[in-house]
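**Student:** Structure incoming, see below.
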Amino acid sequence: MAKRKTKFVCQECGYESAKWMGKCPGCHSWNTLIEETEASTVRGKHIFNGSSKTISKPESITAIESQEEPRITTSMQEVNRVLGGGIVLGSLVLIGGDPGIGKSTLLLQISSQLAKKELPVLYVSGEESTRQTKLRADRLGIKTDLLYVLSETNLFDIGRQIETIKPAFVVIDSIQTIFKEEVTSAPGSVSQVRECTGELMRLAKTNNIPIFIVGHVTKEGAIAGPRMLEHMVDAVLYFEGERHHTYRILRGVKNRFGSTNEMGIFEMKEEGLREVMNPSEIFLEERSHGTAGSTVVASMEGTRPVLVEIQALISPTSFGNPRRMATGVDHNRVPLLMAVLEKRVGLMLQNQDAYIKVAGGVKLDEPAIDLAIAVSIASSFRNRPTKPDDIFIGEVGLTGEIRRVSRIEQRVQEAAKLGFKRVICPKNNLDGWTPPSDIEVVGIDTVQDALNIGVEH
Ligand SMILES: Nc1ncnc2c1ncn2[C@@H]1O[C@H](COP(=O)(O)OP(=O)(O)OP(=O)(O)O)[C@@H](O)[C@H]1O
Ligand SMILES: [Mg+2]
């Protein structure tokens, strides 16, 4: 009998080796190589009938008919937006997220919305029994006949059910629990995940059914399994959120049918996820108008602009060294910006305590927020408020110059959308685009200019 060929595969990054090693040369993690059967011995039998035998010929790009991808839209605008306008037929979408963040809830809600539109949906759960899913559905108030629930982990059986029910949308929760019999390694191992995903991809493409798969994430927050998994699928979405807040963010990190600039914000409630149409509104909700030391910045959160309030409190030092404290921004930037204000603008800040806070518990780590911090400090020091409908954007250099920032158009658009009247931004950023008509954009060269315009004397 032929000897079965095995190999050792890193469960973190998918690195393959003929012999066992303690440390993976691919990703340098320890003890992640696991013995698996060579995948070549299990190939050859596909569970789904695909037309893999047809030979494709090269075509001239001009001869290929162009057409919009047909999409199904859900009732949640935030979901449609992240997907680039809706669910593309025949696409395979991977959703990752921390345990308990609400992946199953989100997908069950999407499923029920599609089922309400008379589209049969198959929700396959490998983690929960049908009764558990039913309990969740009751909590979410889901009552639709066309939503079929299946508790199954064998890919072959799932495939057969799909062929019987012929759903218009399939959810696989989660890919780490699904297994293909021919692959000997355990569910969740690199080979299993890769083989099952490949099979689901073939199924989605040949039958034109969109399939959403849930992927677990590792301690570091990446989707567990080989990086290759992210390359195989059409779109990768992450569902994230803070433990202490009820807000959840759906972010696209890859999308073959749309931009990844979009993110969707939801609020987790007893009766399920509710969409939050305008995230900046949440962060600015409790803003006090007309108080000194408060400014608003349009910062890029990932790839989407979000408006956030930056607060500063400057008060005379009572004894010893002045204190400099910052939450939500890099605390090294505060003394630096204070030094610039002192040297270039002439504010006597050396005997002042400074406290900087980003409201709403957000963390900002891009240089474009410098100007807003500097203006907040100056505003608090002079005890003069800035105008409530001004936005400050710009990186501050050591000579007090204001430097160019990325994606200015998107930031200005977001500000205009929320009804701000004026954006104070780097002069270098003004070329090559036209701002929206309902907002004034002022280009400046130095911090001094910003203070002249934005803070009264
Ligand atoms: N009765 C409830 N009221 C409010 N929120 C609830 C209630 N029950 C559950 N939740 C929320 O739903 C979350 C669980 O959602 P869900 O099971 O969809 O997460 P998941 O990402 O699929 O988790 P897992 O990784 O375990 O599959 C809980 O963490 C909690 O925030
Ligand atoms: Mg779940």
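The values are calculated or read from the model by the stated rules, or taken from the named source; none is laboratory data. Bear in mind that the values here come from a model prediction, so they are computed numbers and not experimental data. A quick note on method: Cβ atoms are made from the backbone with ideal geometry, for glycine too, and the neighbour counts reach across all protein chains shown. When the accessible area is computed, the model is the full protein with side chains, heavy atoms only, and any ligands, DNA or RNA have been set aside. Shrake-Rupley method; radii C 1.70, N 1.55, O 1.52, S 1.80 Å.
**Student:** Straight-line reach from Lys5: which aspartates and glutamates have a Cα under 19 Å away, not including same-chain ones fewer than 8 places off?
**Tutor:** Correct list for Lys5: Glu16, Glu35, Glu36, Glu38, Glu181, Glu182, Glu195.
**Student:** For a 23 Å ceiling on Cα separation, which of these pairs sit above it: Lys363/Lys427; Lys180/Lys205; Lys134/Lys180; Lys205/Lys254? Could the numbers behind the result be given before it?
**Tutor:** Values: Lys363/Lys427 26 Å; Lys180/Lys205 19 Å; Lys134/Lys180 26 Å; Lys205/Lys254 18 Å.
Distance filter (> 23 Å) returns Lys363/Lys427; Lys134/Lys180.
**Student:** Provide the percentage of antiparallel DSSP beta bridges, counting only those with both residues in the chain; round to the nearest 5.
**Tutor:** Roughly 55 percent of the DSSP beta bridges within the chain come out antiparallel.
**Student:** Explain nothing, just compute: Karplus ³J(HN,Hα) = 6.51 cos²θ - 1.76 cosθ + 1.60, θ = phi - 60°, for every residue of the range 180-192 in order, whole Hz, x for Gly and Pro.
**Tutor:** 10, 4, 5, 8, 7, 6, 5, x, x, 6, 4, 4, 4
**Student:** Which angle between 0 and 90 degrees, to the nearest 10, do you get for helix 103-116 versus the longest principal axis of the chain when only C-alpha atoms count?
**Tutor:** That works out to roughly 70 degrees.
**Student:** Rounded to the nearest 500, what is the 222 nm mean residue ellipticity of the chain from helices alone, with -39500 (n - 2.57) per DSSP H run of 4+ residues and division by all residues? Working shown, then result.
**Tutor:** Working: 11 runs with 109 residues, N = 457.
For the chain, the value works out to -7000 deg cm²/dmol.
**Student:** Now, a different point. Using every pair of alpha-carbon atoms in the chain, split the distances into 20 Å bins beginning at 0 and state the percent of pairs per bin, rounded to integers.
**Tutor:** That works out to 22, 42, 29, 7, 0, in percent per bin.
**Student:** Near Lys143, which aspartates and glutamates are there with a Cα under 15 Å away, not counting those fewer than 8 places off in the same chain?
**Tutor:** Result set, ordered by chain and number: Glu118, Glu271.
**Student:** Working with all protein chains in place, sort Phe179, Phe239 by solvent-accessible area computed with a 1.4 Å probe, largest first. Display every interim value, and only then the final one.
**Tutor:** On the way: Phe179 60, Phe239 5 Å².
Result of the area sort, largest leading: Phe179, Phe239.
**Student:** Moving on. Name the long-range amide H neighbours of Arg324: under 5 Å, sequence gap of 5 or more, or other chain; modelled H, no Pro or chain starts.
**Tutor:** Answer set, sorted by chain and number: Ala354.
**Student:** Right, something else. Please work out the average accessible area per residue across the chain, using the 1.4 Å probe convention, and give it in Å². List each step's numbers first, then the result.
**Tutor:** Working: 22320 Å² over 457 residues.
Dividing the accessible area of the chain by its residue count gives 49 Å².
**Student:** A further question on this structure: Can you compute 3J(HN,Hα) from phi for each residue in the range 199-204, using the Karplus curve 6.51 cos²θ - 1.76 cosθ + 1.60 with θ = phi - 60°, rounded to whole Hz and x for Gly and Pro?
**Tutor:** Taking θ as phi minus 60°, the curve returns 5, 5, 4, 4, 5, 4 Hz for the range 199-204.
**Student:** Can you find, among Gly102, Val441, Ser174, the residue sitting farthest towards the positive end of the charge dipole of the chain, where Lys and Arg contribute +1 and Asp and Glu -1 at Cβ?
**Tutor:** Ranked along the dipole, the leading option is Ser174.
**Student:** Give me the percent relative contact order of the chain, please, defined on Cα pairs under 8 angstrom at least 6 residues apart. Please list the in-between numbers first.
**Tutor:** Working: 957 pairs, mean separation 54.8, N = 457.
Computed over the chain, the figure is 12 percent.
**Student:** Can I ask one more? Compare Thr73, Thr317, Thr197 by solvent-accessible area with a 1.4 Å probe and give them largest first, with all protein chains kept in place. Walk me through the intermediate numbers first.
**Tutor:** Working: Thr73 60, Thr317 35, Thr197 0 Å².
Result, largest first: Thr73, Thr317, Thr197.
**Student:** Taking a quarter of the surface of the Cα convex hull of the range 315-403, what do you get in nm²? Before the final figure, lay out the partial values.
**Tutor:** Details: hull surface 23.7 nm².
Over every viewing direction, the Cα hull of the range 315-403 projects on average to 5.9 nm².
**Student:** Pull up the DSSP beta bridges for the range 344-451 and report the antiparallel fraction as a percent, rounded to 5.
**Tutor:** Numbers: 3 of 11 bridges.
The antiparallel fraction comes to roughly 25 percent.
**Student:** When the solvent-accessible surface of protein heavy atoms is calculated with a 1.4 angstrom probe, in what order do Lys117, Lys57 fall, highest first? Please list the in-between numbers first.
**Tutor:** Details: Lys117 90, Lys57 165 Å².
Reading off the accessible areas and sorting them downward yields Lys57, Lys117.
**Student:** Continuing with this model, one more query. Only Lys, Arg, Asp and Glu count, each charged at its Cβ (+1, +1, -1, -1), so figure out the dipole size of the chain about its Cα centre, rounded to 20 debye. The partial results should precede the final answer.
**Tutor:** On the way: 55 positive and 57 negative charges, 169 e Å.
About 820 debye.
**Student:** Sticking with this structure for a sec: Name the residue from Ile453, Ile61, Gly328 whose Cα lies farthest towards the positive end of the charge dipole of the chain, charges +1 on Cβ of Lys and Arg and -1 on Cβ of Asp and Glu.
**Tutor:** Of the listed residues, the answer is Ile61.
**Student:** Convert each backbone phi in the range 233-238 into a coupling constant with the Karplus relation 6.51 cos²θ - 1.76 cosθ + 1.60 (shift: θ = phi - 60°), then list the ³J(HN,Hα) values in order as whole Hz, x for Gly and Pro.
**Tutor:** Values, residue by residue: 7, 7, 9, 10, 10, 10 Hz.
**Student:** Oh, and also: In Å, what Rg and Dmax follow from the Cα atoms of the range 251-313?
**Tutor:** Answer for the range 251-313, Rg first and Dmax second: 14.9, 46 Å.
**Student:** Which residues' amide hydrogens lie under 5 Å from the amide hydrogen of Ile213, considering only partners 5 or more residues apart or on another chain, with H built in the peptide plane?
**Tutor:** Val93, Leu94, Ile95, Ile172
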